[in-house]
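K.L.:
Dropping a structure here in structure tokens format, bear with me for questions.
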Amino acid sequence: MNMTSMTKRAVAAAAALVMAAGLAACGGSSSDSASESAGNGGDAKITVVASINQWGSVAADLGGDKVDVQSIMKATNVEAHDYEPTSADVASFNKAQIAVVNGADYDPWASKAAGGTKATVVNAAETDGIKEGDNPHVWFSKDVREKTADAITAAYEKALPDQKDYFEQRHKAWEERESKVEDKIEAAKAKTEGVPYAASESVAWYLADDLGMTDATTSGYKNASANESEPSPADIKQFSDALKAGKMKVFVLNTQEANDTTKQLETAAAEGKVPVVKLTEQMPQEYTDLTDWMSALVDDFTAAVK
């Protein structure tokens, strides 16, 4: 055998050893990988991918410096229900140790992508028994926020068990902030309980329900919106007439899905002197925290009720 052949074989053998070591490392579970890193200096970070920034902010709050969180949907100028993920969006779940999805068919692409990986999946809707066909805007619900936070913390503690005390402290701090929002909701109910409101879309239904408000959106328009179909001219006229007559005391407008119909309804609300609460589905960029955003929206609803 000549020296060239021997050299080539030596290089190939070395490459094979490196590849084998890499495959052995990849073969472990995500929690094993995080735990091993933690044992080698405690500098491990859990890789978390959230489908929407609302849940990404909660994941970041609960994980602190022990997590690296990526939120995919962040823009408030696109229709979230029609979001088309890129190949990079889908591929990002392959590196996730923990994936946080909204569920209830709000982000089916994310649920599918995460389900095909080794990641621990936290499905926010499922934490409160909310399923496909139900209102998917579950981050507006205080119950879902709390149960999702519990599930995320449990996933962190499983991934890095030696950091359990740290995660418990982070969870306690988050709970204290969430409790302030819920206290504000309870205090606001002195004004909002039983107040009829209407909405261009049932985005904030859970928050309005927590506030004890009554959804008085006209049935034809509401049914069309729920089925993601176009309301008929008669549906729009009925809704507009009710707003002009002041039959609703608040009009909730989802500006993320504004169109000619919602502009017509907003004009009708102005004619009827009905206060408008404007909001989006994705958390606006001025907020980095879901609880802060919810607190601000409670203030908006309270201010709108005369």
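A short reminder: the numbers here are calculations on the coordinates, not readings from a lab. Only a predicted model underlies this, so the values are computations on that prediction, with no experimental measurement involved. Positions of Cβ are backbone-derived with ideal geometry, glycine not excepted, and every protein chain shown enters the neighbour counts.
K.L.:
For the chain, what does -39500 (n - 2.57) per DSSP helix run (n ≥ 4), summed and divided by total residues, give at 222 nm, in deg cm²/dmol to the nearest 500? Numbers along the way, then the final one.
P.N.:
Numbers: 12 runs with 160 residues, N = 306.
Helix contribution divided over all residues of the chain: -16500 deg cm²/dmol.
K.L.:
Hey, which of these cross-link pairs are over 30 Å Cα-Cα: Lys112/Lys180; Lys131/Lys244; Lys112/Lys263; Lys131/Lys158; Lys118/Lys180?
P.N.:
On the way: Lys112/Lys180 35 Å; Lys131/Lys244 36 Å; Lys112/Lys263 35 Å; Lys131/Lys158 26 Å; Lys118/Lys180 36 Å.
Too far apart for the 30 Å limit: Lys112/Lys180; Lys131/Lys244; Lys112/Lys263; Lys118/Lys180.
K.L.:
Please give the charge dipole size of region 30-182, origin at the Cα centre, charges +1 on K and R Cβ atoms and -1 on D and E Cβ atoms. Round to the nearest 20 debye.
P.N.:
Details: 16 positive and 27 negative charges, 47 e Å.
Value, rounded to 20: 220 debye.
K.L.:
Send over the semi-axes of the chain's equivalent ellipsoid, whole angstrom and largest first, taken as the square roots of 5 times the C-alpha gyration tensor eigenvalues.
P.N.:
Values: eigenvalues 444, 104, 35 Å².
Over the Cα atoms of the chain, the semi-axes work out to 47, 23, 13 Å.
K.L.:
If you put +1 on each Lys and Arg Cβ and -1 on each Asp and Glu Cβ, how big is the dipole of region 189-304 around its Cα centre, in Debye rounded to 20?
P.N.:
Details: 10 positive and 19 negative charges, 126 e Å.
It works out to roughly 600 debye.
K.L.:
Continuing with the same structure: If you add up the charges near Lys189, with Lys and Arg at +1 and Asp and Glu at -1, over every other residue whose beta carbon is less than 13 angstrom from its beta carbon, what do you get? Provide the component values of the computation, followed by the final result.
P.N.:
On the way: positive: Lys142, Lys184, Lys191; negative: Glu182, Asp183, Glu186, Glu193, Asp209, Asp210.
Summing Lys and Arg as +1 and Asp and Glu as -1 gives -3.
K.L.:
Running a GNM on the chain with Cα contacts under 10 Å, which residue among Ala104, Ala245, Ala155 ends up with the highest mean-square fluctuation?
P.N.:
Ala245
K.L.:
If you take the charge dipole of the chain about its Cα centre, with +1 on Lys and Arg Cβ and -1 on Asp and Glu Cβ, which of Ala88, Leu297, Thr192 is farthest toward its positive end?
P.N.:
Ala88
K.L.:
Treat the count of other C-beta atoms within 10 Å as a stand-in for reagent exposure and order Arg170, Arg145, Arg177 from fewest to most.
P.N.:
Numbers: Arg170 22, Arg145 26, Arg177 14.
Least to most surrounded, the residues fall as Arg177, Arg170, Arg145.
K.L.:
Suppose every Lys and Arg Cβ carries +1 and every Asp and Glu Cβ carries -1, with no other charges. What dipole size does the chain come out with about its Cα centre, to the nearest 20 debye?
P.N.:
On the way: 30 positive and 48 negative charges, 108 e Å.
Using only the charged Cβ atoms, the result is roughly 520 debye.
K.L.:
While we're here: Say we join alpha carbon atoms closer than 10 Å with springs in a Gaussian network model of the chain; which of Glu286, Glu132, Glu271 then has the biggest fluctuation?
P.N.:
The residue that fluctuates most here is Glu286.
K.L.:
Between Asp82 and Ser232, what is the spin-label point distance in nm, taking each point 7 Å from the Cα along the Cα→C-beta axis?
P.N.:
Between Asp82 and Ser232, the simple spin-label model gives 2.4 nm.
K.L.:
Sticking with this structure for a sec: Just to confirm my numbers, what's the Cα centroid distance between region 90-142 and region 190-218 in Å?
P.N.:
So the two Cα centres are separated by 26 Å.
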